[in-house]
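The values are calculated or read from the model by the stated rules, or taken from the named source; none is laboratory data. Everything numeric here is computed off the predicted structure, so don't read it as measured data. Cβ sites come from the backbone with ideal geometry, for glycine too, and all protein chains shown count toward neighbours. Surface accessibility is based on the protein's heavy atoms, side chains included, excluding ligands, DNA and RNA. Shrake-Rupley method; radii C 1.70, N 1.55, O 1.52, S 1.80 Å.
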Amino acid sequence: MKFGSTILAAAAGLALAGLGPVYADAGDSPVLKRIEDRGVVSIGHRETSIPFSYIGDGDTPIGYSIDICGYIVEAIKVELGKDDLEVKYVPVTGQTRIALMANGTIDLECGSTTNNLTRQKQVSYLPTTFITGTKIAAKKGAGISGIDDLNGKIIGLSAGTTNEKAIKAAIAERGLDVKIVTVKDHAQGWLALETDRIDAYGSDDVLLYGLISKSKAPDDYEVVGEYLSFDPYGLMVPRNDSTFQRLGTVVVADLMRSGEMAKIYAKWFEPGPTNINMPLSDRLKTAFEIQALPN
Amino acid sequence: MNYNWDWSILVSEPYMGWLLQGFGWTIAVSSAAWLIAFTLGSTLGIMRTTESRLLRWIGTGYVELFRNVPLLVQFFLWFFVFPEILPDDASRWVKREMPLPAFTTAVVALGLYTASRVCEQVRSGIEAIGPGQRAAGKAMGFSEPQIYRYVLLPVGYRIIIPPLTSEFLTVFKNSSLALTIGVIELTAATRQIEEYTFQGFEAFTAATVIYSVITFAVMGAMRVVERRTRVPGTVALGAK
Amino acid sequence: MSDFDFSVILDNLPFLIEGLGMTFLLTLLAIAGGLAIGTLLALARLSGFAPLAMVAAAYTNFFRSLPLILVIFWFYFLVPLILGRPVGGFYSVLVAFILFEAAYYSEIIRAGISSVRSGQVAAARALGMNYWQTMGDVVLPQAFRAMTPVLLTQAIILFQDTSLVYVVGLKDFLVSAELVANRDQRLVEMFTFAAAVYLVFCLLGSYAVRRLQQRFAT
């Protein structure tokens, strides 16, 4: 069995083993039953969702979400009393994650998936482990420190994203005169910013930090302004399995209560292996506190 | 399978609005591109059948160039490369001032590409008439434009109604490529709905039904037109 | 970006050739699969057994009414769902291409079969051959010969259409070129180069088609 953050996971395993099985009976959980029968827990992961879930230098996925999932796997082992549970990593994409969860290929998705109420008709989520939201990135010295500075300027937006809607709403609300250029994806959007097709690019702040860290001249760009939308990420689990969902919730709440979650966050984001350099925001800090439900 | 079917998503807001808007863009891109394709394609097709070697050569060159580069690559050429090779002022205008940049680019790219295909159909239609009619026109003292206007084109276009119909439907389907440069047409809209709601089956089914229904409706309508306009004694045909 | 630097192409040549390999592989497999299924569909439509002919006709008309991009999206979503395991984008896309192209190939093959004079069929049947023997030994060999130019033209179209795998990010020639273009900020050079490569291969292909047409024209 290959497993990324072995030490942390082992520590968690010991801690949880000390507590004993605090979860409900596995018998009424189709997912736990399936894991027990197969002797395998299948984790859906992304390949390029940096720094949440991606393939690093090795073959196995790494990242913030993958670390959290490591703790959940340990909890499943304890619950089922199977130390030799095998972990199988299954690559998923934004288009395949639902199909693979619906047909039971993956038991748990550890990626960067936004939790919303419509999607909850199709899947269930564990507590929010990351919060992103729409912000804008611009060249330093361009005189842009927020959306209000965009009057008479051009902003690029990725077609069909929440960011597009949020920024259009903000522009309308403030009565600004901003020209909007839609682009196909973030790479194209960033290119547009670099080639001066646009003055600012609007997207999820975490993606903007990522784009800046990967750009030719990271020091030339900055993420500015207030949050214009709210996009909470959560690990995704199959629907209609409250027992399995609760098991995951307990693990995540434990991590938040013990302060371990903030440490995992720091490991991946402050500045993190990809130098994304995104400090823990106040609202994510608050989210950790609020979701740290008592046992 | 643990999939929660929810067809109501397609008629609930905002998703129904996205579908309708996407459909609107699909129609807008296809009709505007068809306008370019038909006009330019007809001109080129006529050029390829004239007696001027230069005009024929231009027509052939155009067709060979535009038909042999994938449409998607042509989209990228117009969107990314074209503005960069323009003089600075024009480049700046295309990149920053041009209204509806993605839509305009999509219409131009799709229109110019399809023109090469329309050209071949028009040419084959005119050629199918045979040299006798042209000679007859000449003998009547018609000028070359008159021969085209009164003899060759009225018959030629009627012969190629079926292949032109399928070219139009191809434009309609190819307009989905506009999503690669950021036009949220029908296919992109359904993908967006999938992304938002995780109801992929329902969204893709909606697009599938819309495309099929339009295609079959156009085909049915054109079959009637074709029957009404058939030139007695000819068979409908088109370029391979 | 006014200065053109075509050395970026040379620098990334191995990477680009790998992408081109993917494009050709996909084209060849899609042709093979599309021809196989397309032939079956055409035979079904001409079989004279009404339900079978109707199903084949419905299949062909249905796929021909859809944009290829939508079909690619469908199968990218459906194939893992049906198989119950993740398959690389390649297999999803390949299935999409084969099933999509089969509809177009079946129309070409049907026309080709219909072009074989009915006297041949009658003669074969008179010799005591059954339907499949007649088709396999008499009609299809002649039909394929007559169809070769059209089939090749369709192959060229398919070669161009494989560029659409771009929408699911499969690393074919175009995606490889785009990756280099974005990474090295050389859009003008890379997209022009990509267009030139497609142009050359397609022109070679249509030249071959014309040669064949001349040879088969009797």
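Here are the numbers for this structure:
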{"item": "Charged-residue dipole, Cβ positions (Lys, Arg, Asp, Glu), the range C:7-216 about Cα centre, Debye nearest 20", "result": "760 debye"}
{"item": "Net charge of neighbours whose Cβ lies under 15 Å from the Cβ of A:PRO294, counting Lys and Arg as +1 and Asp and Glu as -1", "result": "0"}
{"item": "Computed label-point distance, nm, for sites C:ILE17 and A:GLU289 using a 7 Å Cα→Cβ extension", "result": "6.1 nm"}
{"item": "Column: log10 I(q)/I(0), Debye, Cα scatterers of the range B:129-188, q = 0.30 Å⁻¹", "result": "-1.09"}
{"item": "Efficiency of FRET between A:ALA217 and C:ILE157 - r from beta-carbon atoms, R0 30 angstrom, step 0.05", "result": "0.10"}
{"item": "Exposure of A:LYS33 as accessible area (Å², to 10), given a probe of 1.4 Å and all protein chains", "result": "100 Å²"}
{"item": "Shielded residues, the range B:157-196 - accessible-area loss of 50 Å² or more between chain alone and all protein chains, probe 1.4 Å", "result": "B:LYS173, B:THR180, B:ARG191, B:GLU194, B:GLU195, B:TYR196"}
{"item": "Inter-site label distance for C:PHE49 and A:ASN277 at 7 Å from Cα along Cβ, in nm", "result": "7.0 nm"}
{"item": "Probe 1.4 Å, all protein chains present, accessible-area order of B:SER8, A:SER158, largest first", "result": "B:SER8, A:SER158"}
{"item": "Volume per residue that the Cα convex hull of chain B spans, once the total is divided by residue count, Å³", "result": "165 Å³"}
{"item": "Unsatisfied cross-links (Cα-Cα over 19 Å) in the set A:LYS179/B:LYS95; A:LYS165/A:LYS285; A:LYS77/A:LYS285", "result": "A:LYS165/A:LYS285; A:LYS77/A:LYS285"}
{"item": "Nearest-0.05 FRET efficiency for C:GLN213 and C:ASP137, computed from C-beta distance (R0 30 Å)", "result": "0.70"}
{"item": "Proximal aspartates and glutamates to B:LYS138, defined as alpha-carbon separation beneath 17 angstrom and excluding residues fewer than eight positions away on the same chain", "result": "B:GLU51, B:GLU127"}
{"item": "Between helix B:53-67 and chain B: long-axis angle, C-alpha atoms, 0 to 90°, nearest 10", "result": "20 degrees"}
{"item": "Qualifying lysines (Cα of each under 20 Å from Cα of C:LYS171; at least 8 residues distant if same chain)", "result": "A:LYS184"}
{"item": "Between the range A:222-295 and the range B:1-32, the alpha-carbon center distance in angstrom", "result": "33 Å"}
{"item": "Interface B:A - total buried accessible surface [probe 1.4 Å, Å², rounded to 100]", "result": "2800 Å²"}
{"item": "Solvent-accessible area, 1.4 Å probe, carbon plus sulfur percent, for the range A:134-224", "result": "47 percent"}
{"item": "C:ALA111-A:ASP28 FRET efficiency (beta carbon distance; Förster radius 60 Å; 0.05 resolution)", "result": "0.50"}
{"item": "DSSP H segments from chain C that extend 15 Å or more along their own axis, Cα-based, with Kyte-Doolittle mean of -0.5 or above", "result": "C:13-46, C:50-64, C:68-83, C:89-115, C:140-161, C:173-184, C:187-216"}
{"item": "Interatomic Cα distance distribution for the range C:86-208, bins of 10 angstrom, percent", "result": "11, 28, 26, 18, 11, 5, 1"}
{"item": "Dimensions in Å of the range B:44-153 - Rg and Dmax from alpha carbons", "result": "18.6, 56"}
{"item": "For A:ASP196, net neighbour charge (Lys/Arg +1, Asp/Glu -1) across residues whose Cβ lies under 12 Å away", "result": "+2"}
{"item": "The range C:173-218: proportion of alpha-carbon pairs further apart than 15 angstrom, %", "result": "55 percent"}
{"item": "Span per principal axis, largest first, for the Cα atoms of the protein assembly as shown (Å)", "result": "101, 73, 50"}
{"item": "Rg in Å to one decimal, and Dmax rounded to a whole Å, for chain A via C-alpha atoms", "result": "20.3, 63"}
{"item": "Fraction of accessible area attributable to carbon and sulfur, the range C:7-216 (%, probe 1.4 Å)", "result": "68 percent"}
{"item": "Accessible area, probe 1.4 Å, largest first, for residues B:GLU195, A:GLU109, A:GLU260, A:GLU86", "result": "A:GLU86, B:GLU195, A:GLU260, A:GLU109"}
{"item": "Shielded residues, the range C:60-90 - accessible-area loss of 50 Å² or more between chain alone and all protein chains, probe 1.4 Å", "result": "C:SER65, C:PRO67, C:ILE69, C:LEU70, C:PHE73, C:TRP74, C:TYR76, C:PHE77, C:LEU81, C:PRO86"}
{"item": "Chains B and C, summed buried accessible surface - 1.4 Å probe, Å², nearest 100", "result": "3200 Å²"}
{"item": "Spatially proximal aspartates and glutamates relative to A:LYS139 (Cα-Cα < 16 Å; intrachain offsets below 8 disregarded)", "result": "A:ASP148, A:ASP149, A:GLU194, A:ASP196, A:ASP199, A:ASP205, A:ASP219, A:ASP220, A:GLU222"}
{"item": "DSSP-defined antiparallel bridges as percent of all bridges, the range A:122-208, nearest 5", "result": "40 percent"}
{"item": "For A:ILE131, residues with placed amide H under 5 Å, excluding near neighbours", "result": "A:TYR233"}
{"item": "C:LEU83 versus A:ALA142: modelled label distance in nm, points set 7 Å from Cα along the beta carbon direction", "result": "4.2 nm"}
{"item": "Summed side-chain charge close to A:SER65 - residues other than A:SER65 whose Cβ falls under 12 Å, Lys, Arg +1, Asp, Glu -1", "result": "-1"}
{"item": "Cα coordinate range in chain C, projected on the principal axes (Å, largest first)", "result": "72, 48, 25"}
{"item": "Rounded to 5, percent antiparallel among DSSP beta bridges of the protein assembly as shown", "result": "55 percent"}
{"item": "Charge dipole magnitude, Cβ of K and R +1, D and E -1 - the range A:134-224, Cα centre, debye nearest 20", "result": "180 debye"}
{"item": "Crossing angle, helix B:101-129 versus chain B [Cα axis fit, 0-90 degrees, rounded to tens]", "result": "30 degrees"}
{"item": "For A:GLY44, distant residues with modelled amide H under 5 Å away", "result": "A:VAL90, A:ASP107, A:LEU108, A:GLU109, A:CYS110"}
{"item": "MRE, 222 nm, helices only [DSSP H, n ≥ 4, -39500 (n - 2.57), over the protein assembly as shown, to nearest 500]", "result": "-19500 deg cm²/dmol"}
{"item": "Spatial extent of the range A:134-224: Rg and Dmax, with the Cα atoms as the point set, Å", "result": "11.6, 35"}
{"item": "Unmatched cysteines, the protein assembly as shown - criterion: no other Cβ of a Cys under 4.7 angstrom", "result": "B:CYS119, C:CYS202"}
